[in-house]
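Participant: After the structure tokens below, expect a handful of questions from me.
The values are calculated or read from the model by the stated rules, or taken from the named source; none is laboratory data. Since this is a predicted model, take the numbers as computed values, not measurements. Note that each Cβ is placed from the backbone with ideal geometry, even for glycine, and that neighbours are counted across all protein chains shown. Side chains included, ligands, DNA and RNA excluded: accessible areas come from the protein's heavy atoms. Shrake-Rupley method; radii C 1.70, N 1.55, O 1.52, S 1.80 Å.
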Amino acid sequence: MADSSPATPPPDPRDGDGGSAPDRTVERDDTAERNGTAARFGWEGGAPGYTPVDPDRLVPHQPMPGPPPYPAAEELPPPPVGERAAGTGFGRPMLAAALWGVVNVVLVLLVSGPPPSGAAGWALGGMIVASVLVAGILTWVVARRHAWPFWVLLLVTGLLFWVVRVATTAGVA
């Protein structure tokens with residue numbers, strides 16, 4: 001196979017001396033093998049920016065190490081014998097829900113005035129009490145294993161209270 005450089009165009013494959021034998025088999029270039037370079041296919045080095053890589057000169061890739069050694073998670077010691085574990089008791093979420101119930105009563109009285117009849121007042125009170133109980137119990141279930149400050153309990157209970165209150169008022173006009 002004849003060497004080609006940018007100054008000399010590659011041989012025309014239609015010519016008889018373009019590196020092919022008359023029986024259409026490719027002849028081997030012994031000079032390229034003696035120089036240490038083997039014959040390349042068209043995709044091996046014809047592209048601009050291609051850098052031939054000798055695998056014998058490359059350092060083999062090392063496997064990636066595992067994750068870095070993270071410090072062990074600190075475990076809290078168990079509570080002393082006779083003392084309760086830190087958490088939220090049942091009374092604090094119920095108090096927060098009761099505060100939202102009072103806010104609801106005040107808003108209803110400010111917006112629409114007193115209930116028109118005793119039955120309407122009892123229905124309003126029943127819906128508010130049901131909302132307070134459900135919101136307080138749901139908040140306690142979520143917060144019983146955590147020692148949340150009261151303002152967090154107030155926010156969580158407020159969200160649950162208003163969701164339950166809307167659900168209890170959905171069919172009442």
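Participant: Among the residues of the range 124-162, how many are open to solvent by 20 Å² or more (accessible area, probe 1.4 Å) and either assigned to a helix (DSSP H, G or I) or in contact with a His (Cβ under 7 Å, 6 or more places away or on another chain) (or both)? First the steps, then the outcome.
Facilitator: Let us first name the residues in the range 124-162 that are open to solvent by 20 Å² or more (accessible area, probe 1.4 Å), namely 124-127, 129-130, 132-134, 137-138, 140-142, 144-152, 154-156, 159-160, 162.
Then keep just the ones that are either assigned to a helix (DSSP H, G or I) or in contact with a His (Cβ under 7 Å, 6 or more places away or on another chain) (or both); that gives 124-127, 129-130, 132-134, 137-138, 140-142, 150-152, 154-156, 159-160, 162.
Counting residues in the range 124-162 that are open to solvent by 20 Å² or more (accessible area, probe 1.4 Å) and either assigned to a helix (DSSP H, G or I) or in contact with a His (Cβ under 7 Å, 6 or more places away or on another chain) (or both) gives 23.
Participant: Does residue 87 count as in contact with a Lys or Arg (Cβ under 7 Å, 6 or more places away or on another chain) and at pLDDT below 95? Walk me through it before giving the result.
Facilitator: On the way: in contact with a Lys or Arg (Cβ under 7 Å, 6 or more places away or on another chain): yes; at pLDDT below 95: yes.
For residue 87, the condition - in contact with a Lys or Arg (Cβ under 7 Å, 6 or more places away or on another chain) and at pLDDT below 95 - is met.
Participant: While we're on this one: Taking the stated definitions as given, is residue 121 of a type in the set (Gly, Ala, Ser), surrounded by fewer than 18 Cβ atoms within 10 Å (Cβ to Cβ), in a helix (DSSP H, G or I) and out of contact with any Ser or Thr (no Cβ under 9 Å at 6 or more places or on another chain)?
Facilitator: Numbers: of a type in the set (Gly, Ala, Ser): yes; surrounded by fewer than 18 Cβ atoms within 10 Å (Cβ to Cβ): yes; in a helix (DSSP H, G or I): yes; out of contact with any Ser or Thr (no Cβ under 9 Å at 6 or more places or on another chain): yes.
Criteria met by residue 121.
Participant: Looking only at the range 92-107, decide whether some residue is modelled with pLDDT of 65 or more and more than 24 Å from residue 152 (Cα to Cα).
Facilitator: Quick first cut of the range 92-107, residues modelled with pLDDT of 65 or more only: 92-107.
This time we only want the ones that are more than 24 Å from residue 152 (Cα to Cα), so: none.
Within the range 92-107, none of the residues are modelled with pLDDT of 65 or more and more than 24 Å from residue 152 (Cα to Cα).
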